[in-house]
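See below for the structure under consideration.
The values are calculated or read from the model by the stated rules, or taken from the named source; none is laboratory data. Computed from a predicted structure; not experimentally measured. Here the Cβ positions follow ideal geometry from the backbone for every residue, glycine too, while neighbour counts run over all protein chains shown. Quick note on the areas: whole protein, heavy atoms, side chains included, nothing else; ligands and nucleic acids left out. Shrake-Rupley method; radii C 1.70, N 1.55, O 1.52, S 1.80 Å.
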Amino acid sequence: MTHGAPRRFRNWIGGAWRDAGGPELERRDPASGAIVSLFRDSTAEDVDAAVSSAKAAFAAVWSATSGAERATILSKAADNIRGAVDDLAYFEMAESGKPAKQARLEIERSAMLWDFAATQARSITGDSFGQLGANYLAITVREPLGVAAIITPWNFPFLIVSQKLPFALAAGCAAVVKPSELTSATTLLLGEILKDAGLPNGVLNIVAGLGRSCGDALLHHPSVDMISFTGSTAVGKHAMRVSADGLKKVSLELGGKNAHIVMADADLDAALDAALHGAFLNAGQSCNQGSRLLLQSAIAEDFIRKLVHYASRIKVGDTRAEGVLVGPIINKQQYDKIVGYIASGREEGATLALGGTHREDGEVRFVDPTIFTGVKPDMRIAREEIFGPVLSILNFDTLEEAIALANDSIFGLSAGIWTANVSAAMNAARAVNAGTIWINTYLDGPPELPFGGVGESGIGREVGRQGVEEFMDIKTVQIRSGGYSPRWIGSTVV
């Protein structure tokens, strides 16, 4: 997976490439420091052109297409994504610092989301109410909201846009997508992929740029009908405040500090593998990271010993190197944040069982898998989202204590529990406050199942049938075929 000279990208507006008006930005490979891609920051005028294009295409073409027509285009898009997997995986790896195999798997999994969204385009239904009285019928119909603004983060850029965009298109919305300025390439490549699949010009528009310029202009635009945002809780709250001015619908998928509970009766080998995967996938730069590992005291010592043993053997390094599972940190800001949390864990009295080591060489930065034991619930490393390869381990004695620890958080994105006891599993699943609960597995995500959080992990749901419904309104239609009773004419009113 190697490419030559850096690729220069432009915005995708109205079915064609278009230069943006702001200064040129460069994206460097976090594993090597080499320039991967170049693009210009989008101005408010660029954003206005994209939104206007989407609004016109929605009114003239897309809102009137049948579900079958939309399904055909989305299905073809899935095929096109698979056909472009080499190019997409290269930019996913080179811009985000994701190991090559993980990048390729992300693209392949994303294609499945487009396949599933195609099935949903033909399955949008309403309700009928036939028992409201003689000569009276009512129905509800779902209708697309209009122009959706989709804003995505840098950690899983192609996967996350694929959790939003095909579902918006399936619903009949037009879209303006703004990817992170750190990982814009794969999203920009979607413009031609969708055009080749038959998507009418203007239905999809993609603008690259910084949050303070391009992103804010999109959030504030009066012709945007919905905002779908994935990113930090702080920026999500900003999006929510901005949306209030125009009463726009908002769907937010935000941060997480996810609890991963292991009971003494669990399949401990499976739980061990899942704990490693949940903590260190994508260098821990994941909102779904199992960053709080809760171990029942009876098995904690032996589990930690094995966990440290296997984590110490994880290969860290260049994303192109064979066997690398943990790549570089995305940029200096994130690197400094992670290093600061490691220092905080030490200062607050947690035991550093593994790692804590990190290195910076120019534009290249790595943090080794780090494990803290003896973590207390009030420590920062137990409460705040680190977004790096840092695992905090807390012990518990009873299931009730584990549930209380899991719920001692402002976040509520996901949680996992490992146990052979069906009753314990069900009790935890019902009691833990999170949008997704995994029992005897972790980080599974079939496209049929909705995903989203509670608390400061966000509002709304993506993927599944609910992922399409997020981009739609319900309209109630009431029909009377006779028997209308006059209320004014013929009454005593003069």
Check: Identify, please: which residue in region 21-60 is within 24 Å of PRO99 (Cα to Cα) and among the basic types (Lys, Arg) and is, among those, most open to solvent (accessible area, probe 1.4 Å)?
Finding: ARG28
Check: Restricting the search to region 200-220, which residues are farther than 24 Å from GLU26 by Cβ and either buried (at least 24 other Cβ atoms within 10 Å of the Cβ) or of a type in the set (D, E, K, R) (or both)?
Finding: VAL203, LEU204, LEU219
Next item on the list: Quick one: count up the residues across region 95-105 that are touching a Pro at 6+ places or on another chain (Cβ under 9 Å) and either farther than 30 Å from THR319 by Cβ or assigned to a helix (DSSP H, G or I) (or both).
Entry: 2
Checklist line | Matching residues, region 431-440, being part of a loop (DSSP other than H, G, I, E, B) and open to solvent by 40 Å² or more (accessible area, probe 1.4 Å) | finding: ASN433, ASN440
Item checked: Residues that are β-branched (Val, Ile, Thr) and either touching a Lys or Arg at 6+ places or on another chain (Cβ under 7 Å) or open to solvent by less than 10 Å² (accessible area, probe 1.4 Å) (or both), drawn from region 288-324 -> THR319, VAL324
Checklist line | Criterion (without any contact (Cβ under 8 Å) to a residue 24 or more places away in the chain, open to solvent by less than 10 Å² (accessible area, probe 1.4 Å) and not basic (Lys, Arg)) met by exactly one of GLY327, GLY356, GLY340 | finding: GLY356
Item checked: Subset of region 87-118 that is open to solvent by 70 Å² or more (accessible area, probe 1.4 Å) and in contact (Cβ under 8 Å) with a residue 12 or more places away in the chain - its residue that is nearest to TYR335 (Cα to Cα) -> ARG104
Check: Residues of region 147-182 being outside any loop (DSSP other than H, G, I, E, B) and closer than 17 Å to ASP48 by Cα, which ones?
Finding: VAL147, ALA148, ALA149, ILE150, ILE151, ALA174, ALA175, VAL176, VAL177, LYS178
Next item on the list: Among the numbered conditions (1) open to solvent by 10 Å² or more (accessible area, probe 1.4 Å); (2) outside any helix (DSSP H, G or I); (3) over 20 Å from ALA44 (Cβ atoms), tell me where PHE229 comes up short.
Entry: (3)
Note to self: Quick check on this structure: which one of ALA275, ALA239, ALA266 is in a helix (DSSP H, G or I), under 20 Å from SER414 (Cβ atoms) and not charged (D, E, K, R)?
What the structure shows: ALA275
Checklist line | Which numbered condition LEU247 fails, given (1) modelled with pLDDT of 95 or more; (2) at positive phi | finding: (1)
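Could you list, in sequence order, the residues of region 191-212 that are over 11 Å from VAL177 (Cβ atoms), assigned to a helix (DSSP H, G or I) and within 22 Å of the chain's Cα centre (by Cα)?
Within region 191-212, ILE193, GLY211, ARG212 meet the criteria.
May I ask you to list the residues in region 147-172 that are of a type in the set (Phe, Trp, Tyr) and open to solvent by 10 Å² or more (accessible area, probe 1.4 Å)?
TRP154, PHE156
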Note to self: Residues to consider are ALA428, ALA404, ALA424, ALA415; find the one that is crowded, with 24+ Cβ neighbours inside 10 Å, hydrophobic (A, V, I, L, M, F, W, C) and assigned to a helix (DSSP H, G or I).
What the structure shows: ALA428
Notebook entry, point to check: Do we have LEU281 as under 27 Å from GLU360 (Cβ atoms), touching a residue at least 24 places away in the same chain (Cβ under 8 Å) and either in contact with a His (Cβ under 9 Å, 6 or more places away or on another chain) or not in a loop (DSSP other than H, G, I, E, B) (or both) here?
Noted result: yes
Check: What do you reckon, is ALA121 open to solvent by less than 20 Å² (accessible area, probe 1.4 Å), within 23 Å of the chain's Cα centre (by Cα) and farther than 30 Å from VAL364 by Cα?
Finding: yes
